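Have a look at the structure below, then the notes.
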Amino acid sequence: MITRRDLKQLQSLVKIPALSILLPTHRTSPDNKKDPILVKNLVDEATNRLKEEFSVRELEPLLNRLETLVNEIDYRYTLDGLAIFVSHDFGKIYYFPFSVPPRVIIDKTFATRDLVYGLHRSQSYWVFLLSQASTRLLAGTGETLEEVQDENFPMPMTGPGATETIPYDADSSYVDDRHRRFFQQVDRAFTSYVEDESPLLIVGGVVRQISFFQEVSQYTNAIAGTLTGNFDKATLSELLPDVWPIVQSAREKQRQDALESLDAAMGTKTVGSTIGEAWRLAQEGRGKLLLVEKNYHVPAILTEDGQFQLVDEPGGTEVMDDAVDEIIEVVLAKGGDVAMVDDGTLSIHQRIALILRY
């Protein structure tokens with residue numbers, strides 16, 4: 001399942017040609033029997049487009065890598081969408097729990113706009129299930145939960161009060177301090193998953209453990225809700241009905257906050273409208289929050305004198321197949337944020353608006 005850490009890696013890669021193939025997939029039969037056919041058709045389209053612009057010799061490493069990746073797809077375990085990203089020295093497949101339109105994009109960077117939208121729309125989030133026996137970390141996107149199982153999690157508590165006996169002269173404050181230290185360790189480990197992003201976090205556990213975690217965590221302000229109880233043996237399917245309403249409520253609040261911020265920015269004239277203006281201001285590093293209608297896609301080029309110009313059709317290495325994707329990537333790379341809103345919400349801004357830092 002793709003995370004924002006994956007997106008950052010993809011967005012940092014610049015290589016011509018960078019091939020992105022995206023398509024909707026299906027979780028169950030018989031619908032998933034159509035998926036290999038769609039993959040083949042999109043791969044054929046990509047191959048034909050590449051051969052129009054590059055020599056066979058230039059393309060050989062990329063096409064070999066593409067063929068290897070396609071052969072690795074296990075259609076029995078796909079989710080709702082799939083992306084194949086390939087360049088001469090990079091190749092990876094991602095499965096994700098949201099649908100994307102079928103697209104082939106050839107550019108100097110990978111096309112991540114649909115994935116950014118999917119993560120925002122479906123709301124990526126994290127769930128901590130606190131326990132001294134073994135604290136669990138779940139990664140969520142939409143109504144799909146996946147447990148993190150690696151060198152950090154699940155994380156058991158060790159030492160006195162866990163794997164060792166408590167000193168005979170220790171009082172309750174000693175035990176409480178041991179728990180605080182353990183949840184501080186949990187919190188530090190979590191940092192490597194979220195990097196510098198602002199996560200949406202749900203915390204579950206007994207009341208006392210949640211309280212200790214909130215005391216020591218650097219992510220206290222990111223906690224959208226709590227679940228009370230013992231979740232040592234809870235399954236993902238059992239947890240989702242309690243987790244999902246919290247996520248939906250947080251998502252709606254974020255959308256409303258973004259629109260309220262836009263209203264405020266209009267009052268102070270610190271907002272840029274239209275895609276051309278958003279492009280220019282984003283490149284200058286002035287973008288604080290980009291609002292985009294969810295189905296807004298448009299190709300564009302940069303003219304010889306560096307001017308942004310819309311074009312009628314995608315295609316060719318000089319054309320940005322989706323200029324909206326490029327703007328999103330620039331805003332995120334320069335420390336801004338992105339909010340996707342319903343179609344028609346930004347009509348007076350021509351479907352895109354950039355709130356400025358100054």
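Within region 17-61, being in a loop (DSSP other than H, G, I, E, B) and modelled with pLDDT of 95 or more holds for one residue alone: 25.
Number of residues in region 62-103 that are out of contact with any strand residue (DSSP E or B) (no Cβ under 9 Å at 6 or more places or on another chain) and either assigned to a helix (DSSP H, G or I) or small (Gly, Ala, Ser) (or both) equals 3.
If you take the residues in region 13-32 that are farther than 20 Å from residue 97 by Cβ and touching a residue at least 12 places away in the same chain (Cβ under 8 Å), which one is surrounded by the fewest Cβ atoms within 10 Å (Cβ to Cβ)?
14
Does region 54-78 hold any residues that are open to solvent by less than 70 Å² (accessible area, probe 1.4 Å) and more than 14 Å from residue 89 (Cβ to Cβ), and which are they? Give the derivation first.
Of the residues in region 54-78, the ones open to solvent by less than 70 Å² (accessible area, probe 1.4 Å) are 54-55, 59, 61-63, 66, 69-70, 73-75, 78.
Passing the criteria: 54, 55, 70, 73, 74, 75, 78.
The listed residues are 262, 239, 281, 289, and the only one of them that is touching a Phe, Trp or Tyr at 6+ places or on another chain (Cβ under 8 Å) and at pLDDT 95 or above turns out to be 239. Being free of Cβ contacts under 8 Å to residues at least 12 places away in the same chain and open to solvent by 60 Å² or more (accessible area, probe 1.4 Å): is that true of residue 214 here? In short, yes. All conditions but one from (1) more than 27 Å from residue 324 (Cα to Cα); (2) in contact with a helix residue (DSSP H, G or I) (Cβ under 7 Å, 6 or more places away or on another chain); (3) among the β-branched types (Val, Ile, Thr) apply to residue 37; the one that does not is (2). With respect to the conditions (1) of a type in the set (S, T, N, Q); (2) more than 30 Å from residue 144 (Cβ to Cβ); (3) open to solvent by 30 Å² or more (accessible area, probe 1.4 Å), residue 220 lacks only one, and its number is (2).
Within region 300-325, the residues that satisfy the criterion of being open to solvent by less than 20 Å² (accessible area, probe 1.4 Å) and outside any strand (DSSP E or B) are 321, 322, 323, 324, 325.
Set side by side, the residues 236, 289, 259, 227 differ, and just one is under 18 Å from residue 138 (Cα atoms) and within 22 Å of the chain's Cα centre (by Cα), which is 236. Taking each residue of region 126-146 that is within 17 Å of residue 98 (Cβ to Cβ) and in a strand (DSSP E or B) and looking for partners that are open to solvent by 20 Å² or more (accessible area, probe 1.4 Å) and among the charged types (D, E, K, R) with beta-carbon atoms closer than 7 Å, six or more apart or interchain, yields 139/146.
Of these, 269, 253, 288, which one is of a type in the set (D, E, K, R) and buried (at least 17 other Cβ atoms within 10 Å of the Cβ)? Working first, answer last.
Working: 269 fails: buried (at least 17 other Cβ atoms within 10 Å of the Cβ); 253 fails: buried (at least 17 other Cβ atoms within 10 Å of the Cβ).
Unique residue meeting the criteria: 288.
Could you list, in sequence order, all residues of region 330-352 that are assigned to a strand (DSSP E or B) and either over 25 Å from residue 108 (Cα atoms) or open to solvent by 70 Å² or more (accessible area, probe 1.4 Å) (or both)? Passing the criteria: 337, 341.
When each of 284, 277 is tested for being free of Cβ contacts under 8 Å to residues at least 60 places away in the same chain and either within 30 Å of residue 350 (Cβ to Cβ) or within 20 Å of the chain's Cα centre (by Cα) (or both), the lone residue that passes is 284. Against the condition assigned to a helix (DSSP H, G or I), farther than 14 Å from residue 352 by Cα and without any contact (Cβ under 8 Å) to a residue 12 or more places away in the chain, how does residue 237 come out, does it pass? For residue 237, the condition - assigned to a helix (DSSP H, G or I), farther than 14 Å from residue 352 by Cα and without any contact (Cβ under 8 Å) to a residue 12 or more places away in the chain - is met.
The values are calculated or read from the model by the stated rules, or taken from the named source; none is laboratory data. Bear in mind that the values here come from a model prediction, so they are computed numbers and not experimental data. Note that we place each Cβ from the backbone using ideal geometry, even for glycine, and neighbour counts take in every protein chain shown. Note: accessible area is taken over every heavy atom of the protein model, side chains too, but ligands, DNA and RNA are not part of it. Shrake-Rupley method; radii C 1.70, N 1.55, O 1.52, S 1.80 Å.
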